């Protein structure tokens, strides 16, 4: 039984029997894995606080061939994200992020970009104000779709191939079908979900900026309304891909700007 060692984020834990836990990790080397932490529910567990949500750990585990669950050997804290007095809003966002990662990415599929995105998003949450949390949610949603291969290429019309560059002075927009296919005004017949120039520009910023930098932009009041529309489009795409609404989805209602 080979011993593996890698850095990982804790995404979720479940009770298994009286003393054990099943843990879902996203690792730097092998992507998402599920493992059993034996004795994790005991009062004097050697795991301590290392299995809290989004704690970054140095993980060692044993894996038997053809076994879905690995056996956790040790789990040492690199950085803890959970702290006493954490707001319900931040905790809700973290649970939502964890559920997105769990649902969008299959087990044992390495993805260094996802690992780095998780770390950068958590760093941004650490310094974000409550008003900036919606921007980080939108950022993470778009990048989940992008890195999982479900984010449409909105640079060109999906029918005629025309370059899409919305310009307020011309009143031009991008129109999205229910499947998220982008269309120019001519091909769409102005039917579908309209994406204005401000919203299109914000999506380009999401795809080119770090999460903390993008969250800082949300101080600009002109960003609030476009963020709401981007969230509507992103969550529709997410629900379509997953064919259901996520359990942690209600957090979005609490984060909508007034």
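In the chain, the longest principal axis of the Cα atoms and the axis of helix 197-208 are about 30 degrees apart. Note: relative contact order over the range 57-205, using C-alpha pairs below 8 Å and six or more positions apart, is 13 percent. Who wins for biggest fluctuation among 75, 160, 184 in a Gaussian network model of the chain, springs between alpha carbons below 10 Å? Residue with maximal mean-square fluctuation among 75, 160, 184: 160.
A straight line joining the Cα centroids of the range 17-75 and the range 96-152 runs 22 Å. The angle between the Cα long axis of helix 224-242 and the main principal axis of the chain comes to about 60°, on a 0 to 90 degree scale. Take the alpha carbon gyration tensor of the chain, find the square roots of its eigenvalues, order them as a ≥ b ≥ c, and report rounded if a/c is under 1.5; if not, report prolate when a/b exceeds b/c, else oblate. The shape class here is prolate.
Against the chain, whose longest principal axis comes from its Cα atoms, helix 112-127 is set at around 80 degrees. Counting other Cβ atoms within 10 Å as a rough exposure proxy, the listed residues 14, 9 run 14, 9 from fewest neighbours to most.
Since every read-out is calculated from the coordinates, none of them should be taken as a lab result. Because the structure is predicted, anything quoted here is derived from the model rather than measured. When we count neighbours, we look across all protein chains shown, and the Cβ atoms used for this are built from the backbone with ideal geometry, even at glycine.
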